[in-house]
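What follows is a short report on a single structure.
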Amino acid sequence: MSAHRVAPLLPAVQRPSFWPTAVFWKSLGTHILIPLFLAAGMALAYLGAFHQPTPHDLPVAIVGTGPATEVFAQTMNDKAPDALDVTTVADASTARHLVETEKLAAAYQADATHARIILSTAACATTAETAQKIFLPIAYEQHLPVTVDDVRPAAPADLTGQGLFFLLVALSVGSYASAIAVAAVTAKLAIGWRLAVSAAVALVVAGIGVVVAGPIYHVLSGNEWSIWLLGGLYALGIISLGVGLHPVLGKWTTPALTLLFVMLNFTSSGGIFASYLQPAFFAGLNTFWNGAAWLQAAKALTYFPGEAFGFAGLRLALWATAGILLVVVTHALSVRRRRLANESLVVSAEEEESVVAA
């Protein structure tokens, strides 16, 4: 009887598919979701805030007295009722004072031979440019030579008047990037240490920004110590919020901080366009957001000495307080969650030991 060997059946070789597997597409979607969120958010925020700056209720004045001045001001109001808020002031010295104290964006004075536009580039260069676009055509129609009277010019090393805004950008990016690192390193430390490290890092971030803006690039013209303390308070608000959010949001903490302190913060701060030129949504944020508060206080210290900025300081303090409270709450929740997890492990171990003993 002859023996015949039966060849074993080999598994069928699967031909590689042209399309990646479902696992690949799921992984790609998970990893690309945050970058796509950032791309969409930045486009919506920046283009929404900056693509079409239009004045609304821009406070300007006509210098002069008498019926002719009143009629002139009323005519301007009638032509642009939503864009301008035109009033009259008695004389040029009053107009200069109101522009210097940011009660007016600009003023226009004209006589039989000459016209003058009173403005302040330190308050906002784009607002000053808008005021010139409003009043220059009027002077040309009146066939008058024009002088621009810049009552509060920007610093010589900051001709655009936006140096403080870019310092705000540096403080913000440094703060929210530091928040993730502080949250990760201090996750298992006591609450006091978490807050102390956050405060120390905030002062370091503010110090770096002030040194670069002051001694290196001369954007700041005095009051560096006060601006450093304000910067530290501002940075503490961002860092503490990041540390507080991290236990809850995890990897979504970075996009959340980007949304709060880049997309909504820079666009509403007034650093590029003042609230008079912003869409209503961003102008509304300008009234209470922390970036606008810091910029207002820093401008007062740098360009408008003696101007009160107590409300701006209060807003910064409230943001920092909210961040500290969030750290306290999420820290307590994290501690409770770890304790419950440990108790669950102990119970499971005891049950396993009882089963083995039985």
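The values are calculated or read from the model by the stated rules, or taken from the named source; none is laboratory data. Model, not experiment: these values are computed from the prediction. Cβ: placed from backbone, ideal geometry, glycine included. Neighbour counts: every protein chain shown. Heavy atoms of the whole protein, side chains included, go into the accessibility calculation; ligands, DNA and RNA do not. Shrake-Rupley method; radii C 1.70, N 1.55, O 1.52, S 1.80 Å.
Before moving on, here are some points about what is shown:
- One residue stands out among those in region 147-176 that are surrounded by 18 or more Cβ atoms within 10 Å (Cβ to Cβ) and hydroxyl-bearing (Ser, Thr, Tyr): the one that is nearest to the chain's Cα centre (by Cα), which is SER172.
- Exclusive hit being within 19 Å of ILE324 (Cβ to Cβ), buried (at least 21 other Cβ atoms within 10 Å of the Cβ) and in contact (Cβ under 8 Å) with a residue 12 or more places away in the chain, set ALA179, ALA213: ALA179
- When region 197-207 is filtered for residues that are of a type in the set (A, V, I, L, M, F, W, C) and surrounded by 15 or more Cβ atoms within 10 Å (Cβ to Cβ), the ones remaining, listed by number, are VAL197, ALA199, VAL201, ALA202, LEU203, VAL205, ALA206.
- Test result for LEU47, in contact (Cβ under 8 Å) with a residue 60 or more places away in the chain, outside any loop (DSSP other than H, G, I, E, B) and within 30 Å of VAL262 (Cα to Cα): no
- Meeting the requirement of 2 or more residues that are within 23 Å of VAL99 (Cβ to Cβ) and open to solvent by less than 30 Å² (accessible area, probe 1.4 Å), the helices (runs of 4 or more DSSP H) wholly within region 219-308 are 290-303.
- Among the residues of region 184-196, those that are open to solvent by 20 Å² or more (accessible area, probe 1.4 Å) and either more than 16 Å from THR321 (Cα to Cα) or part of a loop (DSSP other than H, G, I, E, B) (or both) comprise ALA184, VAL185, ALA187, LYS188, LEU189, ALA190, TRP193.
- Filter result for ALA199 (farther than 17 Å from VAL212 by Cβ and modelled with pLDDT of 95 or more): yes
- The residues on offer are MET76, MET42, and the sole one that is free of Cβ contacts under 8 Å to residues at least 24 places away in the same chain, open to solvent by less than 90 Å² (accessible area, probe 1.4 Å) and closer than 30 Å to LEU285 by Cβ is MET76.
- Just one of the listed residues (ARG116, ARG96) is in a helix (DSSP H, G or I), at pLDDT 95 or above and either open to solvent by 60 Å² or more (accessible area, probe 1.4 Å) or in contact with a Leu (Cβ under 8 Å, 6 or more places away or on another chain) (or both), and it is ARG96.
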